[in-house]
Amino acid sequence: MESQTQCSKGDDSSKSATPHGGKGDESSKSPMPHGSKGDDPSKSPMPHGGKGDDPSKSPMPHGGKGDDSSKSPMPHGSKGDDPSKSPMPHGGKGYDPRKAPPMPQMLPITRPTEPGTRGRHITLLTNHFKVSRKPTHGFFYHYHYKDVKPVVGEGVRRKEMDLKYEDDKPGVGEGMRRKVMRQLHETYASSLAGKQFAFDGETGLYTAGPLPFTTNVFEVVLVDASSARIAAMSRSPGGDGSPGPSDSKRMKQETPSKIFKVEITFAAKVPMNISSQDALRVLDIILRQHSAKQNCLLVRQSFFRKDSRYVELGGGVRGCQGFYSSFRPTQSGLSLNVDLTTTMVVRPGPVIDFLLFNQDVKDTSRIDWRKAKRALNKLRIETIHTKMELQIIGLSENNCNELTFPLKQQDGTIVDVTVYDYFMNRWSTKMEKSANFPCLIAGKTNSPTYLPLEVCLLVPLQRYKKSLSTMQRSKLVEGSRQRPDQRMLSLTGELRANNYNSDPMLRECGISIAPEFTQVEGRVLQAPQLIFADGRELHTPNGRWNFNNDKFIKPIKVETWGVVNFSARCNVEDLVGCLVRSGANKGIEMAKCGAVIEERHQMRREPPTKRVEAMFQQIKAKLTRKPDFLFLLCVLPEKNCDIYGPWKRECLVEHGIFTQCLVPPANIKDQYLTNVLLKINAKLGGLNSLLKKETARAIPHVSRMPTIIFGMDVSHGSPGQNLPSVAAVVSSLKWPIMSKYRASVCTQSPKLEMIDALFKPIGDDDHGLIKDSIVDFLKNNDDQRPEQIIIFRDGVSESQFNQALNEELAQIMEACKFFGGKHFNGNWFPKFTLIVAQKNHHTRFFQRDGQRPDQVTNVPPGTVVDRGICHPRNYDFYMCAHAGIIGTTRPTHYHVLHDDIGFSADELEELVHSLSYVYQRSTTAISVVAPIFYAHLAVAQVAKFTRLDDMSETSSQAEAAPVPELPRLHRNVASTMFFC
């Protein structure tokens, strides 16, 4: 695939842009679709273990985008290396890197011996709880739990059944396996030498010290309470009190017990060492088992109870607040990280009520049964007459009062009975609505059970795995926020309620957990100074500023422009007048609006694509000649309007027209106009502000030598969809400025986290994403080549660090070699620094209120923590660059994987802090470096821009979905900040 540039949403926003925490990010947000950058998946259990992950998540080993402990790295690279020692070997003229021997495997570097010292020192609290250990054993013993094979219960012929599916996965669910293992532990305690064990829910069993055997087979009798109750209550041939398709043939009463045959075999020894990733996974399995015993919903290391706090999101969906807990290695020893988290669950209760909420209708006659079938698929229900729990597999085609089955009477005759009559007569069930509704089909496909809707209740704690609407997401964020003091109180309560110190397996491991929040030392870095027009300097002590009395440092001139109006409610004349006046105050010269084009009334009910095509026909009719430069202001009727994608595509791909979309409020204020002008100015090539140190060339290393800065991100399709993933690479354009960028975007295979199109040699040319960035850098810097390359990568878990180094960084190095061999006779040896930024972790910081010591507040902007709770060997630090106004501030966790340039800890922290102030769409410091946030914008836009979401939502994960190529942007906009 050739390198493609793509556009990015974000220009319909009139809000004060405070991305990722201008209002204080709330960690309780559940992982959103397109990214699922969520809970800590890298600590999923070892091979043969670890059920609980959503199968729609990343397929990478221990995948996901969490913040998890990694294996012990080996040092790699030295700081300030001589070019001759660069990882890029010398190449002469005609050098072909594809024929070079493979580079040795790179490993993450270790942290510098000297931590950072700059800034004002402060004392903080963090949601890590110290763990003390009194080792009782040197090893965990890993045992393999063989497939559970149930045998039909007492009173009938014993027949062993192999419950494997076609894909060789065990046919018994995690919940049943846990029940079997609990019963095994109770029944065979003496055979296990009284040892406790941790079971991962699938095939892994772990003990502290060895069991008295290497392999053994146990028979476990499990009494099913619901089956026993049904057997006592029901004489129905269906066995669960409900009719099946072959009722007349199934006359034997089901037995109330099952016998399972379990084989346990020794697999390996795991050193009980906190520096061992495998040992940490075992400890996390113990935490999962502890919560499973409390009947919690398990989502990796997050746990949710039935009595949790809920947020109603609409559509029959709730946000369920739970807690996260995981063991972490730190410089101060082992700690337990406990945090609040939220996932989406289906509203429990009557199925009919759920359907009314889900489809937002009040009358059952308006239920769309096709939608209902999709919404109910694979959900679990409990029947009110037998308390039996079953999984929904479909809806019947015939209504309940029409669907019949053969029922054998006491006199031996067989008659056809409707499902409705059967329940009314046999169970005396009062049903007012079910007669004219379809029946639920539940159970197994080869022996389904048909149930009237009114006898079915959706059971609690069923995850909702589809995409949330914009309104639902907004409600989730709003309802999940908690102030720092509220969060600390909730965490203290969760730790007390879990009472981990009473867990027998943790006690057997000699582990105890302190109840107090850990105290750590942090520093507050001085906020960088900004430069506005006429060289005016501005201090930003609270991470916020404004342009009330200032002009942009490099305002643009808008000579030819127009307005298109898709909204019937907007007074365009007033909007244009206000925008021109506000622009003049900011230094932007806007010529008289060339044309205001109103959408024809008859087009408003047409599909979005037709509306856009019709609008462009009007534009062409209005403009008799095509101008050299054109900007269109687009007024949309509502946010997240479906016109947005087709409009952007038409402007940026087909015509090369810059465009700014907006949804004006009824009362237009100057701050709203300023936010719109910030985006317009950046898109059209202007600059709103600069750092003083950019213009003074005072940024260590970066200002001394030509440097290009990359930001990279990958977004995935929603859970349950097999849509292509989208990768974006943004890069700085003008050295020594760090405030201007361009973007390239491409699609790749679904759920693939590593970007595979950075280097794509085809013949004598490279069609990868990096080449376009280098070419544009040379054009903007008088052919001066970058000697330093700094890469910021978002969304990579610690278990994927080696891949980031040996796949992505290696590709970038190869792309540079290839380009250097072709254009510089092989005489180009840039140095590389790779930094991963993680937002989806669970570490939070709290500062005691100076006026009220018993209260806590958010940490001040510019807070950095690089000691105490950081990794004992890896080079990492936490940064809160932004001001948290609402909720609890979420820091960004930065991991330095590779550094040839030779930054000191202070220099690198200052660079990261500075890059949080160059985001051109906002008048606040942002929570993550600007290049990464720009990559977010570019990636987020693609789904609408290319209509990826139009692909089948029901496509199987196993299908090899074609990866569509993205359209190339028009040359007028390809190398600009069109994504702003």
Through the Karplus equation 6.51 cos²θ - 1.76 cosθ + 1.60, θ set to phi - 60°, convert the phi angles of region 453-460 into ³J(HN,Hα) values in whole Hz; use x for Gly and Pro. 4, 6, 9, 10, 10, 6, 6, x
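Against the 2.2 N^0.38 Å scaling, with N counting residues, where does region 620-709 land? I'd like the Cα-based Rg ratio to two decimal places.
Values: Rg = 18.2 Å, N = 90, 2.2 N^0.38 = 12.2 Å.
For region 620-709, the normalised Cα radius of gyration is 1.49.
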Extent along principal axes [Cα atoms of region 715-843; Å; largest to smallest]: 47, 38, 25
For the pair residue 596 and residue 734, what calculated FRET efficiency results from E = 1/(1 + (r/R0)^6), where r is the Cβ-Cβ distance and R0 = 35 Å, to the nearest 0.05? 0.50
Computed accessible area, residue 373, all protein chains, 1.4 angstrom probe, square angstrom: 110
Amide H contacts under 5 Å for residue 342, placed H, 5+ residues apart: 30, 322
Apply the Karplus curve 6.51 cos²θ - 1.76 cosθ + 1.60, θ = phi - 60°, to the phi angles in region 931-942 and return the couplings in whole Hz, x for Gly and Pro. x, 6, 5, 4, 4, 4, 4, 5, 5, 4, 6, 4
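Protein chains only, probe 1.4 Å: how do 430, 639, 195, 669 rank by accessible area, largest first?
430, 669, 639, 195
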So, taking all protein chains as they sit and a 1.4 Å probe, how much accessible area belongs to residue 485, in Å² rounded to tens? 40
So how much accessible area does residue 512 have, in Å² to the nearest 10, using a 1.4 Å probe? 50
Mind listing the long-range amide H neighbours of residue 139? Cut-off is under 5 Å, sequence gap 5 or more, other chains count too, H placed in the peptide plane at 1.01 Å from N. 209, 272
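Where does the charge balance sit around residue 849 when Lys and Arg score +1, Asp and Glu -1, over other residues with C-beta under 15 Å from its C-beta?
Working: positive: 483, 487, 848, 852; negative: 485, 854.
That sum, taken over residues with Cβ under 15 Å, equals +2.
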Cα centroids of region 400-455 and region 510-555: how far apart, whole angstrom? 66
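Using the heavy atoms of the protein chains and a 1.4 angstrom probe, tell me the accessible area per residue for region 478-521 in square angstrom. Before the final figure, lay out the partial values.
Details: 2050 Å² over 44 residues.
For region 478-521, the per-residue accessible area is 47 Å².
What FRET efficiency would be calculated for the residue pair residue 779, residue 185, taking the C-beta separation as r and a Förster radius of 60 Å, to the nearest 0.05?
Working: r = 69 Å, r/R0 = 1.15.
Efficiency at R0 = 60 Å is approximately 0.30.
Going through the cross-link list 371/466; 306/362; 146/269, which pairs have a Cα-Cα distance over 22 Å in this structure? Could you put the intermediate results ahead of the total?
Working: 371/466 14 Å; 306/362 27 Å; 146/269 18 Å.
Exceeds cut-off: 306/362.
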Net charge over other residues, Cβ less than 15 angstrom from the Cβ of residue 507 (K, R count +1; D, E count -1): +2
Can you bin region 511-612 into rounded, prolate or oblate? Criterion: square roots of the alpha carbon gyration tensor eigenvalues sorted a ≥ b ≥ c, rounded for a/c under 1.5, prolate for a/b above b/c, oblate for the rest. oblate
Sorted by chain and then number, the residues having a modelled amide H within less than 5 Å of the amide H of residue 898, at least 5 places away or on another chain, are 109, 834
Which percent of the accessible area of region 647-733 is formed by carbon and sulfur heavy atoms (probe 1.4 angstrom)? 51
Pairwise FRET efficiency - residue 114 versus residue 965, Cβ, R0 = 45 Å, nearest 0.05: 0.40
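For 787, 402, give the ranking by accessible area with the largest first, probe 1.4 Å. Mind dumping the intermediate values first?
Values: 787 55, 402 105 Å².
Order by accessible area, largest first: 402, 787.
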³J(HN,Hα) across region 753-767 via Karplus (A = 6.51, B = -1.76, C = 1.60, θ = phi - 60°), whole Hz, x for Gly/Pro? 7, 6, 6, 9, 10, 6, 9, 9, x, 10, x, 9, 10, 10, 9
Suppose we keep just the DSSP beta bridges with both residues in region 607-747; what percent of those would be antiparallel, to 5? 70
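Using heavy-atom solvent-accessible surface (probe 1.4 Å) with all chains present, what is the largest-first order of 118, 300? List each step's numbers first, then the result.
Numbers: 118 100, 300 20 Å².
Descending order: 118, 300.
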Share, in percent, of DSSP beta bridges within region 547-670 that are antiparallel, nearest 5: 0
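The values are calculated or read from the model by the stated rules, or taken from the named source; none is laboratory data. All values derive from a computational prediction rather than experimental measurement. With ideal geometry, Cβ positions are generated from the backbone for all residues, glycine too; neighbour counts draw on all protein chains shown. Side chains are part of the model used for accessible areas, which takes the heavy atoms of the whole protein and leaves out ligands, DNA and RNA. Shrake-Rupley method; radii C 1.70, N 1.55, O 1.52, S 1.80 Å.
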